[in-house]
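Just below is one structure, and these are the notes that go with it.
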Amino acid sequence: MLPQLLANGLCAGALYAIVALGFGIIYRSTGVFHFAHGAIYTIAAYLTYLMLVATNIWWPVAVAVALLGAAFSGVLAELLVYRPIQKRRASPLAALIGSFGIYLFAVNLIALIAGNETKVLRPGVDITFEVGSVILTRFQLLGFATFVVTLVAFFLFKKSRLGRLLTAFSDNPALVEVLGWNASVIRIAIFAAGSLLAGISAIISVMDIGMDPHVGMSALLISAVAVVVGGVKLFEGAIVGGVVLGIVQSLVVWQFSVRWMDVFTFSILVLFLVLRPQGLLGKKVRLEEV
Amino acid sequence: MDLSRRTDNVPTLEVKHLSRFFGGVAAVNNVSIAFTPQRITALIGPNGAGKTTLFNLIGGYIAPTSGAILLGTGDLTTRKPWEIARLGIGRLFQDVRVFGKLTTLENIVVAFPNQVGEMFWQPIFQRAQMMKMERPNIERAQALLEFVTLADKANTVAENLSFGQQKLLAIARLLAMDAKILLLDEPASGVHPAVLDSVMDLMSRLVDQGKTIIFIEHNISVVLELAHWVYVLDDSEVVAFGLPDEVIHDRVTREAYLGV
Amino acid sequence: MNYLLHILVMIGIYLILTQSLNLVMGYTGLLSVCHAAFYGIGAYASTLLMTSWGVNFFVALIASIVISMLLSFVVSIPTLRLRGDYFVLGTLGFQAIIFGIMYNWISFTRGPYGIPGIPSPSLFGFVFDSPSSYVSLTTAFALLTVGFVYLITSSQFGRVLKTIREDEIASQAIGKDPLFFKTTSFALGAGVAAIAGSLYAGYMRYIDPTSFTIAESLFLITILAIGGSGNIKGPIVGTVILVVLPEVLRFLQIPDTVAPNIRMMLYALALILLVIYRPRGLAGEYGFE
């Protein structure tokens with residue numbers, strides 16, 4: 001029983017980790033609490049649906065269109081909303097409110113076009129595989145494999161010159177500009193990459209369990225909790241936080257009930273904010289130094 | 001408010017073996033200073049020497065790793081910033097920190113301690129008394145604005161003042177809260193030369209009234225003109241102290257501070 | 001006619017909600033995302049007192065204020081130490097937790113089934129069960145709330161709140177205890193929100209947790225962001241516009257199936273444009289500039 005639960009948790013957490021990594025990279029490096037990350041997630045989900053169902057196109061093309069659409073939407077949010085707010089040197093909370101506006105707009109536009117009801121891409125029960133003593137579905141395996149690929153790609157990227165640039169930009173954007181890089185181009189790249197990650201997670205998840213216009217909201221909330229749990233200061237924090245959340249949720253469902261999952265998740269958020277704001281990976285921070 | 005009245009019985013502010021480490025690195029290391037009351041003490045030293053950290057420690061914004069902060073016979077070491085402010089230790093921040101959306105006058109009136117109307121039920125149940133107390137407070141605030149040469153800016157929103165005027169306002173705010181010991185972090189920096197004279201004149205008038213002034217300053221001529229006593233901090237420690245003339249011309253100071 | 005009265009009742013209830021959030025967000029600068037939770041706590045507290053204990057509406061109303069204020073400390077004591085984004089996240093967490101409890105503690109709140117048959121408020125034998133009588137009730141409470149918020153903000157108390165909003169560290173430096181004032185402001189906001197919750201329950205005569213979601217909290221913030229906050233008129237302007245706008249859309253004969261989405265898109269557009277070009281909203285004094 002327990003290995004199966006851990007495996008389920010790990011597979012759910014893998015998808016959380018991917019979307020949370022996108023959110024975490026944007027939050028850590030631009031300071032924008034990207035509420036609209038949830039909308040990007042929804043956009044990717046519905047693009048996939050639209051491509052597969054309406055056009056009946058070959059699936060890799062559908063996936064590519066959805067991912068490009070997600071990245072493009074993220075860049076649009078940066079260009080149309082965050083950049084003008086940032087130019088005013090506004091408080092980060094202004095960007096948060098603007099981001100919430102983007103979320104509302106995008107999600108309601110989707111609902112207007114596609115309707116509020118749940119859409120399903122995969123009828124019936126999924127094919128399953130036996131791995132040792134645990135049984136996993138095709139999409140669980142796909143999700144986990146994608147997670148591993150994402151992880152490898154992320155760590156390779158982090159070691160690269162561009163990855164080091166991203167870290168430097170997160171710590172001190174002004175310095176990177178002094179070194180001759182264009183900060184607004186870097187920000188565009190960050191939003192594109194972060195949104196791409198949201199898209200990847202969204203496509204796998206909704207192909208398996210379907211979608212309604214509000215799927216993005218829970219993905220966003222999970223991302224925010226994962227980033228806090230793992231640690232905001234490190235990009236890896238979102239990955240660890242996502243996986244931990246997936247496993248904890250799986251255990252909560254087992255021990256209590258699926259009904260109490262959200263209450264547990266957000267209690268973990270509050271506990272971390274209060275008792276360990278630096279997250280699992282972060283070094284001890286003293287709030288008074290801020 | 002009688003601005004010519006002298007402040008008496010100002011207790012001595014003293015730090016003893018005060019240290020603060022940030023992740024193993026000392027920002028302030030075993031500093032012991034007793035600040036002479038009713039005199040102007042200057043803290044000089046290169047950037048990162050620990051001067052502002054020392055102010056943050058005294059003001060209660062960060063906790064010391066070890067050592068003690070004393071005011072007369074009282075111990076300030078574990079007090080909160082607002083408690084320390086109420087005990088008469090006022091702080092001028094390097095970046096001034098006026099309340100941008102409030103008017104110049106409001107910036108000062110709000111700083112008077114223990115006003116009727118600060119508890120949420122008082123504006124409802126003791127409104128008459130609240131209004132009655134407000135009138136003399138506004139008069140006192142206006143007198144303070146005159147004292148710092150900002151009388152004509154009373155109704156200007158603080159964020160529209162120049163940086164130098166904001167410094168004058170912030171000093172007036174310290175007087176409104178009845179601070180007897182003033183910690184001024186670079187009062188002269190970033191200030192227009194004309195306003196600089198007002199700031200320096202204000203500091204000497206305040207010490208004449210019996211206030212204790214401790215200030216951080218990079219401008220050596222300001223230190224030479226105003227300070228009665230100078231401490232040099234370098235690399236988180238006190239490396240020299242004495243009369244301004246002697247210290248500034250001292251070899252150690254020149255090496256640490258001026259790099260010549 | 002009844003339809004117009006319904007709109008007036010909703011304006012009254014939302015005025016109470018937005019003015020109480022105004023105290024927290026507009027005057028104290030705290031972007032709280034759990035205001036709807038206190039709205040819900042107020043609604044559930046008075047409903048349960050009325051239906052299970054037979055308590056009179058007005059007694060239940062006062063009790064719900066006290067309960068909501070007490071519970072506000074559970075939220076404020078841990079979260080008010082956090083700054084900026086972390087405070088927002090902390091209140092978001094509590095919003096989700098409180099909603100989750102309302103939704104899942106079925107033996108206490110009946111969860112998703114909701115509580116029907118809530119009695120109409122009655123005072124000395126007069127029962128507020130017609131739309132016109134309820135308008136007078138909500139309007140009276142809305143006026144009381146506006147008066148209350150005006151009185152406590154146009155004062156030394158309000159001035160200290162504004163210093164915290166402008167610069168919390170400087171506020172400490174002049175000898176004010178920000179934690180005390182923030183806790184007080186947050187508790188008052190929660191208490192007033194409970195009035196709105198009680199009035200809502202007594203009006204609808206049925207409540208379920210879906211009226212008190214994160215989305216509702218965000219909607220209240222939207223009203224303040226559009227109308228403005230930090231003064232009395234901002235929230236009034238925002239509330240009237242956002243409560244009446246759906247009816248205007250209906251008047252324009254936009255079909256009911258798409259009207260809610262179009263409405264939300266208009267709100268969203270207004271929110272984005274204002275936060276870029278006019279952060280203090282249409283009539284407010286303060287915005288996250």
Scanning the range A:105-145 for residues that are in a loop (DSSP other than H, G, I, E, B) and within 14 Å of another protein chain (Cβ to nearest Cβ), the one surrounded by the fewest Cβ atoms within 10 Å (Cβ to Cβ) turns out to be A:117
Taking the range B:192-238 and keeping only residues that are in a strand (DSSP E or B), of a type in the set (A, V, I, L, M, F, W, C) and surrounded by fewer than 18 Cβ atoms within 10 Å (Cβ to Cβ), one is left with B:229
When residue C:238 is run through (1) within 14 Å of chain A (Cβ to nearest Cβ); (2) over 21 Å from residue C:154 (Cβ atoms), the failure sits at (2)
Residue A:231 passes all but one of the listed conditions (1) surrounded by fewer than 24 Cβ atoms within 10 Å (Cβ to Cβ); (2) more than 13 Å from residue A:15 (Cα to Cα); the exception is number (1)
Q. Looking at residue A:89, is it within 12 Å of another protein chain (Cβ to nearest Cβ) and basic (Lys, Arg)?
A. yes
Of (1) within 14 Å of chain B (Cβ to nearest Cβ); (2) touching a residue at least 24 places away in the same chain (Cβ under 8 Å), residue C:218 fails just (1)
Check the range B:138-152 and report whether any residue there is within 26 Å of residue C:147 (Cβ to Cβ), surrounded by fewer than 21 Cβ atoms within 10 Å (Cβ to Cβ) and at pLDDT 90 or above. yes
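So in the range A:82-93, with the set limited to residues that are in a helix (DSSP H, G or I) and surrounded by fewer than 24 Cβ atoms within 10 Å (Cβ to Cβ), which one is modelled with the lowest pLDDT?
Filtering the range A:82-93 down to residues in a helix (DSSP H, G or I) leaves A:82-87, A:92-93.
From what's left, surrounded by fewer than 24 Cβ atoms within 10 Å (Cβ to Cβ): A:83-84, A:86-87, A:92-93.
Details: A:83: 93, A:84: 92, A:86: 88, A:87: 87, A:92: 81, A:93: 86.
Across the range A:82-93, the extreme among qualifying residues is A:92.
Scan the range C:117-136 residue by residue and report those that are touching a residue at least 12 places away in the same chain (Cβ under 8 Å), of a type in the set (A, V, I, L, M, F, W, C) and either part of a loop (DSSP other than H, G, I, E, B) or out of contact with any helix residue (DSSP H, G or I) (no Cβ under 7 Å at 6 or more places or on another chain) (or both). Before the answer, list the steps.
Filtering the range C:117-136 for residues touching a residue at least 12 places away in the same chain (Cβ under 8 Å) gives C:117-123, C:128, C:131-132, C:134-135.
When the remaining residues are screened for being of a type in the set (A, V, I, L, M, F, W, C), the result is C:118, C:123, C:128, C:135.
Passing the criteria: C:118, C:128.
Can you pull out the residues in the range C:67-83 that are surrounded by fewer than 17 Cβ atoms within 10 Å (Cβ to Cβ) and either away from chain A (no Cβ under 11 Å) or not in a helix (DSSP H, G or I) (or both)? Show your work before the answer.
Step one: filter the range C:67-83 for residues surrounded by fewer than 17 Cβ atoms within 10 Å (Cβ to Cβ), giving C:70, C:73-74, C:77, C:81, C:83.
Matches in the range C:67-83: C:70, C:73, C:81, C:83.
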Scanning the range C:135-168 residue by residue, those more than 17 Å from the chain's Cα centre (by Cα) and away from chain B (no Cβ under 13 Å) turn out to be C:135, C:136, C:137
Inside the range C:84-122, the number of residues satisfying the requirement of being under 26 Å from residue C:167 (Cα atoms) and facing another protein chain (nearest Cβ under 7 Å) is 8
With criteria (1) out of contact with any strand residue (DSSP E or B) (no Cβ under 9 Å at 6 or more places or on another chain); (2) more than 9 Å from chain C (Cβ to nearest Cβ); (3) farther than 16 Å from residue C:175 by Cα, residue B:108 comes up short on (3)
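Across the range B:111-138, what is the total count of residues that are under 23 Å from the mean Cα position of the chain (by Cα) and either at the interface with chain C (Cβ under 10 Å from one of its Cβ atoms) or touching a residue at least 60 places away in the same chain (Cβ under 8 Å) (or both)?
Step one: filter the range B:111-138 for residues under 23 Å from the mean Cα position of the chain (by Cα), giving B:111-115, B:137-138.
Still in the list and also either at the interface with chain C (Cβ under 10 Å from one of its Cβ atoms) or touching a residue at least 60 places away in the same chain (Cβ under 8 Å) (or both): B:111-115, B:137.
The qualifying residues number 6.
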Those residues of the range C:156-211 which are within 30 Å of residue B:181 (Cβ to Cβ) and among the acidic types (Asp, Glu) amount to C:166, C:167, C:168, C:177
Inside the range C:269-279, the number of residues satisfying the requirement of being surrounded by 17 or more Cβ atoms within 10 Å (Cβ to Cβ) and either free of Cβ contacts under 8 Å to residues at least 24 places away in the same chain or touching an Asp or Glu at 6+ places or on another chain (Cβ under 7 Å) (or both) is 3
Result of the Cβ filter at 7 Å on the range C:224-246, keeping first residues that are closer than 14 Å to residue C:279 by Cα and partners that are outside any helix (DSSP H, G or I) and among the basic types (Lys, Arg), at least 6 apart or interchain, is C:228/C:280
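Does residue A:73 satisfy being small (Gly, Ala, Ser) and free of Cβ contacts under 8 Å to residues at least 12 places away in the same chain? Outline the logic, then answer.
Numbers: small (Gly, Ala, Ser): yes; free of Cβ contacts under 8 Å to residues at least 12 places away in the same chain: no.
No, not satisfied.
Are there any helices (runs of 4 or more DSSP H) wholly within the range A:175-290 with 1 or more residues that are away from chain C (no Cβ under 11 Å) and touching a residue at least 40 places away in the same chain (Cβ under 8 Å), and if so which?
By residue number, A:183-209, A:215-230, A:236-255.
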Would you mind stating whether residue C:131 is within 14 Å of another protein chain (Cβ to nearest Cβ) and on the phi < 0 side of the Ramachandran plot? no
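Tell me, which residue of the range A:177-189 that is under 17 Å from residue A:83 (Cβ atoms) and of a type in the set (A, V, I, L, M, F, W, C) is surrounded by the fewest Cβ atoms within 10 Å (Cβ to Cβ)? I'd like the intermediate steps shown before the answer.
Our first condition is that a residue be under 17 Å from residue A:83 (Cβ atoms); within the range A:177-189, this holds for A:177, A:181-189.
Add one more test, that the residue is of a type in the set (A, V, I, L, M, F, W, C), and what stays is A:181, A:183, A:185-186, A:188-189.
On the way: A:181: 15, A:183: 14, A:185: 9, A:186: 21, A:188: 17, A:189: 18.
The extreme case among them is A:185.
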Scanning the range B:62-86 residue by residue, the ones that are within 12 Å of chain C (Cβ to nearest Cβ) and either more than 18 Å from the chain's Cα centre (by Cα) or among the charged types (D, E, K, R) (or both) total 4
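The values are calculated or read from the model by the stated rules, or taken from the named source; none is laboratory data. Just so it is clear, the model here is predicted, and its values are computed rather than measured. Glycine gets a Cβ as well: all are built from the backbone with ideal geometry, and neighbour counts include every protein chain shown.
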